Structures are given as structure tokens and as C-alpha cells.
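The values are calculated or read from the model by the stated rules, or taken from the named source; none is laboratory data. Everything quoted here is computed from the prediction, not taken from an experiment. For neighbour counting, all protein chains shown are included, and Cβ atoms are generated from backbone atoms with ideal geometry for every residue, glycine included.
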Amino acid sequence: MDKAPPFVTAKSWAIFDFKTEKFMFGKFESDRWEVASLTKLMVAFTVIWICEWFGIDIESHMIEVTEESTEVSGTSAWLWHGDYLSVK
């Protein structure tokens, strides 16, 4: 590949091309680490799959933030009930 690797601040990362079955770029990509943000990745995968399945336009579809979701403890994205977010 003739492009330089992207700038990434993570301690370990990898970009894998599933078509060629080869790593394109990475840093400590062979080291074993605890899984980080697996829930976020699975939510993103599920949302994309549901949008494709039901023909929802991921580019323009908006989701309203519910009151229940603002009451979840943990990390915060500073969302407020009634806010709207793009699915994308």
C-alpha cells in the first residue's frame, strides 16, 4: 500500500482488509489486550444491520433521546431528553 498509516492515539490498534485477509496497518496488533468498547461496537453493528434490513436511510434518519436513556449511569455523552441524534 502506498499510503501512510493513520494517526491513532490508542496503545494498540489494527486495520485489517478482509478481502485480502491481510493487516494493512497497526501498532502492537499481535499483542493480547482486554477488549475495549465491545458493547459500543456491537451496538453500531446492530444499528447498521437493522437499518439495512428495514431499508432505513442511515444518512438522514434521526433518533430522539428518551428520558430513560438520560438516567443511565456511567460515562455520559451529555445527552438530554428530547435531543435528536443522527443514526450515522
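Below is a table of values for the structure above.
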| quantity | calculated |
| --- | --- |
| Some residue of region 37-57 being surrounded by 10 or more Cβ atoms within 10 Å (Cβ to Cβ), in contact with a strand residue (DSSP E or B) (Cβ under 8 Å, 6 or more places away or on another chain) and at negative phi | no |
| Close pairs (7 angstrom Cβ cut-off, 6 or more residues apart or separate chains): free of Cβ contacts under 8 Å to residues at least 60 places away in the same chain in region 4-18, exposed (fewer than 12 other Cβ atoms within 10 Å of the Cβ) anywhere | S12/D31; S12/W33 |
| Odd one out for G74 among (1) at pLDDT 85 or above; (2) in a loop (DSSP other than H, G, I, E, B) | (1) |
| Per-region count, region 73-88, residues surrounded by 10 or more Cβ atoms within 10 Å (Cβ to Cβ) and under 23 Å from S37 (Cβ atoms) | 6 |
